Amino acid sequence: METITGTAAGVPFTALPPAGAIEGPAPLIVTWHMLDAPRTDAAFAAALPMAGVPAWRVHLGLPMCGARMVDGRVDAVIDLAREDALLAFLAPFTYQAAEEFPAALAALRAQLPVDDEPVGILGGSLGGAVALQVLTAGETPIKAVALVNPAVRIRPVVALVEGLAGHAYEWTAESHKAADELDFVARAADLEVQPPLLLVSGERDHPELRTDAAALVDVLREHYAHPDEIELITVPDLAHPLAEEPGMEPAPQLPTTKAVDEILTQWFLRHLTS
């Protein structure tokens, strides 16, 4: 079976069929891509195909990315970043992607031969914030979580976006409140569910994101009944992006990304399909 593309409750997706011969419905892994390369669902599917997993891997597109870009360009996204990097750009993207997930999941289950068991979720960079928002919302049963160079606190991401915006960010009471809501280190102790969680951190990722990743792992291990189900793996030489620029279309895997793909494959084999 070949790659399937389409929309689920208005959300564009790229779906990769399960590995091997599957009789009946298969497990499901849902992903959210980065805003860095690879920055579309199709490009993310090529970067992290997890081809050895006997589960559907459905890569969802973030708002205003890929098929949802305005006029097929990133100009509208840049305009939002310049308007307000957090309140007009990062926070709305994260919340919209998380809020549209339950309906998208229902639509995927109607379109694809997937089972009705708890799903696996994966997010890279800002997509990691989406995955964590889905997890903390607690509306969808989750069997396993994987994060790659995730944005587990939004404040450092705002600083990283300042270059795109072209000016220093002006913090307000409203933006501080939004940043607190998207601080998953602070919110980790409030998690009502405890699925196994893997965090993959690039050795050359932004130092602030690496620090936050380690902090999230530490607090989850303190909170989880089974702390050994929280894993942190550092990938040598891996920077923040997982593909070469421009990252809009599917491209050959980078060696470092191939290493991430193999780690994710083994993780989901162990925790989703065992």
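Before moving on, here are some points about what is shown:
- Residue, nearest to residue 40 (Cα to Cα), within region 239-269, restricted to residues that are touching a residue at least 40 places away in the same chain (Cβ under 8 Å) and of a type in the set (Gly, Ala, Ser): 247
- Conditions (1) over 26 Å from residue 137 (Cβ atoms); (2) in contact with a helix residue (DSSP H, G or I) (Cβ under 6 Å, 6 or more places away or on another chain); (3) of a type in the set (D, E, K, R): number failed by residue 208: (1)
- Checking residue 191 against (1) touching a residue at least 40 places away in the same chain (Cβ under 8 Å); (2) within 21 Å of the chain's Cα centre (by Cα); (3) surrounded by 19 or more Cβ atoms within 10 Å (Cβ to Cβ), the condition it does not meet: (3)
- Region 144-182, residues that are loosely packed, with under 15 Cβ neighbours inside 10 Å, not polar (S, T, N, Q) and not in a helix (DSSP H, G or I): 166, 167, 168, 170, 171
- Flag for residue 164 being out of contact with any His (no Cβ under 8 Å at 6 or more places or on another chain), aliphatic (A, V, I, L, M) and at pLDDT 95 or above: no
- In region 86-102, the residues that are within 17 Å of residue 176 (Cα to Cα) never reach a residue that is of a type in the set (Asp, Glu) and surrounded by 23 or more Cβ atoms within 10 Å (Cβ to Cβ) with C-beta atoms less than 6 angstrom apart, at least six apart or across chains.
- Checking region 71-87 against the condition returns no match, with no residue being crowded, with 21+ Cβ neighbours inside 10 Å and closer than 19 Å to residue 252 by Cα.
- Check on residue 97, closer than 17 Å to residue 14 by Cα, surrounded by fewer than 16 Cβ atoms within 10 Å (Cβ to Cβ) and either at pLDDT 95 or above or touching a Phe, Trp or Tyr at 6+ places or on another chain (Cβ under 6 Å) (or both): no
- Long-range neighbours under 6 Å by Cβ, at least six apart or interchain, first residue under 18 Å from residue 249 (Cβ atoms) within region 1-23, second in a loop (DSSP other than H, G, I, E, B): 12/61; 16/3; 16/49
- Residue 162 vs. criteria closer than 21 Å to residue 229 by Cα and over 10 Å from the mean Cα position of the chain (by Cα): no
The values are calculated or read from the model by the stated rules, or taken from the named source; none is laboratory data. Please read these numbers as outputs of a predicted model, since none were measured by experiment. Positions of Cβ are backbone-derived with ideal geometry, glycine not excepted, and every protein chain shown enters the neighbour counts.
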